[in-house]
Amino acid sequence: MISYPSRHCTVELQALPSRIGQVRRIVSAQLRYWHLDALIDRAALGVTELLTNVHRHAQPDKMCTVEIELLLDRLKVSVRDHDPRLPVVEDAASLATCGRGLAMVAAVSESWGARPDGDQGKVVWFTLPAPTPTRRTPARPPLLTTPEAPVRRFPEVEPVAHVERPADARRPTPTPARSAVPG
């Protein structure tokens with residue numbers, strides 16, 4: 001299910017590798033719609049890392065909900081799953097190919113965290129600062145520096161008296177239209 005209220009988007013999915021790419025595209029499209037193109041790369045990276053963690057670690061299933069919410073001055077991205085175990089940030093080696101996802105989320109985000117969600121689940125989230133919208137003021141028309149010219153009126157037209165024309169100069173009188181269809 002996907003819902004798109006004005007400042008909120010929710011996607012429910014099973015965290016499989018093929019679905020993660022789809023959610024990246026959905027998040028990117030929603031941020032473009034909100035005119036937050038500058039946040040697309042960081043938000044897509046963060047949601048990819050959180051969904052990859054659900055795919056690799058969540059038990060008993062891989063069902064989750066991705067939620068993006070545009071607040072007054074920040075974008076909040078969260079992933080809710082059914083595993084109550086909170087994530088642990090590991091000190092991964094510099095050349096490690098896994099175990100650095102949350103460290104990358106922390107590096108690209110303004111803030112992040114995890115919290116229990118009831119008895120059977122958790123929410124992992126991060127925020128990004130939203131750029132302040134630039135106020136567009138309508139362009140003003142140029143000021144007139146010369147006085148306006150007076151409005152010109154059309155000359156008055158005198159009615160023409162009816163003049164009788166010769167028969168050959170008259171236009172033919174129209175005949176009524178006929179239909180070929182009976183009835």
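The values are calculated or read from the model by the stated rules, or taken from the named source; none is laboratory data. This is a predicted model, so every value here is computed, not measured. All Cβ positions, even for glycine, are placed from backbone atoms using ideal geometry, and neighbour counts span all protein chains on display. Calculation scope for accessible area: heavy atoms of the full protein, side chains included, ligands and nucleic acids excluded. Shrake-Rupley method; radii C 1.70, N 1.55, O 1.52, S 1.80 Å.
Mind checking whether some residue in the range 111-130 is farther than 25 Å from His8 by Cβ, open to solvent by 100 Å² or more (accessible area, probe 1.4 Å) and either modelled with pLDDT of 75 or more or touching a Ser or Thr at 6+ places or on another chain (Cβ under 9 Å) (or both)? Quick ask: steps written out before the conclusion?
If we filter the range 111-130 for residues that are farther than 25 Å from His8 by Cβ, which is where we start, we get 119.
Add one more test, that the residue is open to solvent by 100 Å² or more (accessible area, probe 1.4 Å), and what stays is 119.
Next, only the ones that are either modelled with pLDDT of 75 or more or touching a Ser or Thr at 6+ places or on another chain (Cβ under 9 Å) (or both) stay: 119.
Yes, there is a match, as at least one residue in the range 111-130 is farther than 25 Å from His8 by Cβ, open to solvent by 100 Å² or more (accessible area, probe 1.4 Å) and either modelled with pLDDT of 75 or more or touching a Ser or Thr at 6+ places or on another chain (Cβ under 9 Å) (or both).
Restricting attention to the range 96-109, does a residue exist that is modelled with pLDDT under 90, surrounded by 13 or more Cβ atoms within 10 Å (Cβ to Cβ), in contact with a helix residue (DSSP H, G or I) (Cβ under 7 Å, 6 or more places away or on another chain) and over 17 Å from Ala43 (Cα atoms)?
No: the range 96-109 contains no residue that is modelled with pLDDT under 90, surrounded by 13 or more Cβ atoms within 10 Å (Cβ to Cβ), in contact with a helix residue (DSSP H, G or I) (Cβ under 7 Å, 6 or more places away or on another chain) and over 17 Å from Ala43 (Cα atoms).
Filter the range 66-92 for residues that are over 14 Å from Gln30 (Cβ atoms), part of a strand (DSSP E or B) and open to solvent by 30 Å² or more (accessible area, probe 1.4 Å) and give the result.
Once the filter is applied, which keeps residues that are over 14 Å from Gln30 (Cβ atoms), part of a strand (DSSP E or B) and open to solvent by 30 Å² or more (accessible area, probe 1.4 Å), the range 66-92 yields Arg74, Arg80.
Pick from the range 18-39 the residues that are within 10 Å of the chain's Cα centre (by Cα) and of a type in the set (A, V, I, L, M): which of them is most open to solvent (accessible area, probe 1.4 Å)?
Ala29
Out of all the residues in the range 23-54, which are in contact with a strand residue (DSSP E or B) (Cβ under 8 Å, 6 or more places away or on another chain) and of a type in the set (S, T, N, Q)? Give the derivation first.
Narrowing the range 23-54 to residues in contact with a strand residue (DSSP E or B) (Cβ under 8 Å, 6 or more places away or on another chain): 23, 26-27, 30-31, 34, 36, 39, 42-43, 46-47, 50-51, 53-54.
Answer for the range 23-54, where residues must be in contact with a strand residue (DSSP E or B) (Cβ under 8 Å, 6 or more places away or on another chain) and of a type in the set (S, T, N, Q): Gln30, Asn53.
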